[in-house]
Amino acid sequence: MDAEQLRDYAHQMVDFIADYYKSIENFPVLSQVQPGYLHKLIPDSAPNHPESLQNVLDDVKAKILPGVTHWQSPNYFAYYPSNSSVAGFLGEMLSAGLNIVGFSWITSPAATELEMIVLDWLGQGGGVIQGTASEAVLVVLLAARDKALRKVGKNALEKLVVYASDQTHASLQKACQIGGIHPENCRVLKTDSSTNYSISPDLVTEAISHDVGIGLIPFFLCASVGTTSSTAVDPLLELGMIAKSNEMWFHVDAAYAGSACICPEYRQYLNGVEEADSFNMNAHKWFLTNFDCSALWVKDRNALIQSLSTNPEYLKNKASQANLVMDYKDWQIPLGRRFRSLKLWMVLRLYGLENLQCYIRNHIQLAKHFEALISQDPRFEVVTPRLFSLVCFRLLPPHNDEDHGNKLNHDLLDAVNTTGKIFISHTVLSGKYILRFAVGAPLTEERHVNAAWKVLQDEASTLLGSLVE
Ligand code: PLP
């Protein structure tokens with residue numbers, strides 16, 4: 001590492017990135033390249049001799065950026081946001097600069113201790129940063145599984161049952177696959193519009209009673225605050241009580257909407273979270289913290305540690321052996337871990353709670369504005385109540401011809417995304433193809449929402465016009 005070369009190159013790189021942000025609106029937000037495009041542009045083998053940074057940056061411009069979907073574009077409204085910010089970027093930069101691998105306290109005491117402190121700022125005790133919500137649900141499922149097996153006997157794995165809804169993120173399914181839960185023991189409870197796609201506690205109780213009746217062992221219940229398709233919020237208090245009375249682990253996935261709950265007016269969506277055994281929110285989604293940074297809090301940290309700890313000779317050290325410290329390697333799947341708390345710390349310090357609350361409220365305000373635009377155009381409908389910054393809507397099929405509704409909305413999605421002017425995504429609710437408009441990119445302003453709405457209206461007019469012809 002040549003410090004002077006780093007200074008020179010890093011300045012050039014920062015200039016490159018700053019210029020990128022300045023011109024980000026000029027790119028088609030959804031990459032328009034075809035599969036395999038890059039093979040034709042990049043040599044088949046790595047260079048023998050060093051190349052200049054300028055050459056590489058020229059290639060980034062000419063060959064890489066066309067294949068980038070611009071998640072930070074103000075015209076990005078797809079899936080859920082994945083925010084970047086100056087503070088988040090600087091934290092990442094610092095973390096890359098220090099480049100520590102903080103698996104045990106001794107490998108960088110500041111990494112472990114800052115992570116504990118920053119997560120205590122945000123939540124209450126027992127916090128750890130995982131890479132993603134998928135890792136978070138996996139580690140807590142493993143902890144819950146082993147805790148249950150310690151109680152009922154380790155041969156009972158086949159009998160363990162997991163409960164969630166048909167709106168729960170697919171990462172739970174993956175966790176069950178990895179955790180060896182019998183595929184037939186994953187209860188996917190049906191939701192519908194009568195509860196705005198949140199789980200009905202009665203269905204959970206019924207399913208549990210049925211399973212207990214046939215000798216199965218309920219052990220894990222997963223609720224969501226802000227489901228992926230439509231931001232449905234499950235009734236935490238009731239579900240928590242059900243989990244408690246059946247001695248089940250209760251996990252709450254608030255990957256996206258957890259961020260909104262820093263505003264007092266949205267805190268109500270977490271009522272009952274006290275009953276949870278674990279709670280997760282992705283700071284990398286809607287909390288200005290560059291990917292990846294998923295905060296997980298666990299009540300019974302020993303359960304996690306019992307499932308995930310190893311103690312090989314080559315990692316033994318005085319502080320760990322004396323139980324004076326926490327080693328986060330025992331709270332996660334990999335050994336190595338990044339100094340992720342730096343960026344979250346920088347976000348919290350450089351913006352402060354007040355600005356973060358404004359940031360969330362502004363996006364929600366923009367989503368409300370979009371919702372109001374939709375309701376002024378009778379050709380469209382808002383499909384589910386907007387709770388946060390996601391609006392689920394669709395183009396109504398002419399003459400109520402529902403047979404064509406799904407194709408029509410599918411075609412509209414394709415048409416608007418192909419313009420490159422905006423990027424939105426979709427879901428299916430109760431068999432209907434729904435368009436999702438998620439406000440959350442840090443650079444999005446009202447003018448972008450208005451322009452997006454114009455693109456949607458124009459493409460809808462073209463599609464409906466072609467139906468008439
Ligand atoms: N849970 C919910 C509710 C989500 O919306 C998502 C992703 O959008 C996830 C979990 C998975 O997130 P990650 O990519 O961090 O695993």
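Using a simple spin-label model with pseudo-atoms 7 Å out from Cα toward Cβ, K190 and I42 lie 4.7 nm apart. The ranking of S104, S23, S82 from fewest to most other beta carbons within 10 Å of each one's beta carbon is S23, S82, S104. Distances longer than 23 Å among the Cα atoms of region 101-338: what percent of all pairs is that? Looking at region 101-338, the distances longer than 23 Å represent 48 percent of pairs.
Projecting label points 7 angstrom from Cα along Cα→Cβ for E25 and K368 puts them 2.5 nm apart.
Given charges of +1 on the Cβ of Lys and Arg and -1 on the Cβ of Asp and Glu, with all other atoms neutral, how large is the dipole of region 306-378 about its Cα centre, in debye to the nearest 20?
Values: 10 positive and 6 negative charges, 76 e Å.
Dipole about the Cα centre, nearest 20: 360 debye.
With θ taken as phi - 60° and the Karplus curve 6.51 cos²θ - 1.76 cosθ + 1.60 applied, the whole-hertz 3J(HN,Hα) list for region 367-372 is 5, 4, 4, 4, 4, 5 Hz, x standing for glycine and proline.
Working note: Cα atoms of the chain, range along each principal axis, descending, whole Å: 72, 66, 47. Comparing Cα centroids, region 90-139 and region 50-77 end up 29 angstrom apart.
Would you mind classifying region 415-469 by shape? Square roots of the alpha carbon gyration tensor eigenvalues, ordered a ≥ b ≥ c; an a/c under 1.5 is rounded, otherwise it is prolate if a/b is larger than b/c and oblate if not. Oblate, since a/c reaches 1.5 and b/c is not below a/b. Put simply, when 201-208, 392-399 are sorted by average Cβ atoms within 10 angstrom per residue, most first, you get 392-399, 201-208.
When the Cα gyration tensor is reduced to axis lengths a ≥ b ≥ c, the ratio a/c is 1.5 or higher for region 1-94, and with a/b not above b/c it is classed as oblate. Here's how it looks for T384: its modeled amide H is under 5 Å from those of C392, which are all 5 or more places away or on a different chain. 3J(HN,Hα) along region 69-78: 8, 8, 4, 8, 5, x, 9, 8, 10, 8 Hz, from the Karplus curve 6.51 cos²θ - 1.76 cosθ + 1.60 with θ = phi - 60°, whole Hz, x for Gly and Pro. Applying the Karplus relation 6.51 cos²θ - 1.76 cosθ + 1.60 with θ = phi - 60° to region 94-109 yields 3J(HN,Hα) values of 5, 5, 5, x, 6, 6, 8, 10, x, 6, 10, 3, 5, 6, 3, x Hz, where x marks Gly and Pro. Amide hydrogen proximity for L429: with H placed 1.01 Å from N in the peptide plane, the residues at 5 or more positions away or on another chain lying under 5 Å are I434. For M1, M281, M248, M93, the sequence from fewest to most other C-beta atoms within 10 Å is M1, M93, M248, M281. Each Lys and Arg Cβ is given +1 and each Asp and Glu Cβ -1; about its Cα centre, region 101-338 then shows a dipole of about 660 debye. For q values of 0.15, 0.21, 0.22 Å⁻¹, compute log₁₀ I(q)/I(0) with the Debye formula on a Cα-only model of region 70-162, without solvent. With one equal scatterer per Cα and no solvent, log10 I(q)/I(0) is -0.88, -1.17, -1.21. From the residues L288, Y269, F250, which one has its Cα farthest along the dipole of region 250-303 in the positive direction, the dipole being from +1 and -1 charges on Cβ of Lys/Arg and Asp/Glu about the Cα centre? Farthest towards the positive end: L288. According to the square roots a ≥ b ≥ c of the eigenvalues of the Cα gyration tensor, what is the shape class of region 1-159, taking rounded for a/c under 1.5, prolate for a/b larger than b/c otherwise, and oblate for the remainder? Taking the square roots of the gyration eigenvalues as a ≥ b ≥ c, region 1-159 is prolate.
How many percent of DSSP beta bridges within the chain run antiparallel, rounded to 5?
Expressed as a percentage, antiparallel bridges in the chain total about 55.
Take 120-133, 293-306, 25-38, 179-192 and order them by the average number of nearby Cβ atoms within 10 Å per residue, most first; the result is 293-306, 120-133, 179-192, 25-38. Near F220, the amide H atoms lying under 5 Å from its own belong to V161, Y163, W249; only residues 5 or more places off or on other chains count, and H is placed 1.01 Å from N.
All of the numbers you see were taken from the coordinates with simple rules; none came from a lab. Predicted model only: the values in this text are computed from it and were never measured. As a convention, Cβ positions derive from the backbone with ideal geometry for all residues, glycine included, and neighbour counts pool all protein chains shown.
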